[in-house]
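The values are calculated or read from the model by the stated rules, or taken from the named source; none is laboratory data. Note that the structure is a prediction, hence the values are computed from the model and not measured. Note that we place each Cβ from the backbone using ideal geometry, even for glycine, and neighbour counts take in every protein chain shown. The accessibility values were calculated without ligands, DNA or RNA, using every heavy atom of the protein model including side chains. Shrake-Rupley method; radii C 1.70, N 1.55, O 1.52, S 1.80 Å.
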Amino acid sequence: MLVYYLLVGVILQRNRYEDFPLFILAAILPWKWFDSSVKSGLHAVVGSERLIKQINFPKLVLPLSASMSGVVNFAFGLIPLTALMLLFYPERLSWWLLAIPFIAVAQLVLGTAFAIGVSALNVFYRDIGNLARHVMRFWFYLSPTLYGIDQVETITASHPTIGPLIDAWYAINPFTYLLGAYRAVIYEGTAPHWGALLILLAVSTVLLALATLLFKRLEPNFAKVL
């Protein structure tokens, strides 16, 4: 977080928000969780080659365990976040912080869907690992992590030619709603947009079902390819 704060807040002087470290941390923590879930999922199956060839077991537990490990890291990440708020931003503490687990459920389903999907595809298409690193990097900067969605709206309003395309991207980007929800309860001390979260949870559940079907279909060939 310190690196992003120095880059955006000090060097580029783009910190248009009060209490900018908290503003960044509220988004960086969930993004790191998702990023680690995807990257762990990429190696969940290919990294267990010997185990898969020697023991017959449901391979789905591999990406599931990789995804669940991210929950623990995220939970530990909330400790410094809480300490930061207690020491420097006590006025931003609110009962809405108790809504974090509900927001995390939607993210857990989304992250697990991606982890399962990439874990199966990476067995057959190893270039997905390299591609995923670049995609995740672009996705990070094209999500409201280091900036707010209000800044995006300002840009789209002043660029009518490409504005609709930018609006369309942020409308379908799940992290527009996830990071907005985290910032609402952590940074603003207000309720998240429950309707958007429920829609995201429903879509993520569909993605999870599709990823599981894909995994189960490809699973019988894992041992042959590895």
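Worth pointing out:
- FRET E, pair K216, E188, Förster distance 30 Å, beta-carbon r, rounded to 0.05: 0.10
- Dipole size of the chain about its Cα centre, with +1 on Lys/Arg Cβ and -1 on Asp/Glu Cβ: approximately 940 debye, rounded to the nearest 20.
- The calculated FRET efficiency for E18 paired with T156, based on their beta-carbon distance and R0 = 25 Å, is about 0.60.
- Accessible surface for region 105-226, divided over its residues, is 52 Å² per residue with a 1.4 Å probe.
- Packing-based ranking, highest mean first, of 75-88, 32-45, 54-67, 159-172 given that Cβ atoms within 10 Å are counted: 32-45, 54-67, 75-88, 159-172
- Span-rule helices in the chain, defined as complete DSSP H runs reaching 18 Å or more along the axis (Cα) with Kyte mean at least -0.5: 20-44, 61-88, 100-124, 127-141, 194-218
- Annotation: aspartates and glutamates with alpha-carbon distance below 15 angstrom to K59 (same-chain offsets under eight excluded): E49, E219.
- Element breakdown for the chain at a 1.4 angstrom probe: carbon and sulfur atoms account for 69% of the accessible area.
- Unit Cα scatterers, Debye sum, region 76-164: log10 I(q)/I(0) for q = 0.19, 0.20, 0.26 Å⁻¹: -1.09, -1.10, -1.22
- Other residues whose C-beta falls under 12 angstrom from the C-beta of Y170 contribute a net charge of -3, scoring Lys and Arg +1 and Asp and Glu -1.
- Mean-position separation - Cα centroids, region 130-205 and region 93-121, in angstrom: 15
- Among A113, A184, A27: highest mean-square fluctuation, GNM of the chain, C-alpha pairs under 10 Å: A184
- With the simple model of a label 7 Å out from the Cα in the direction of the Cβ, A223 to D167 spans 5.5 nm.
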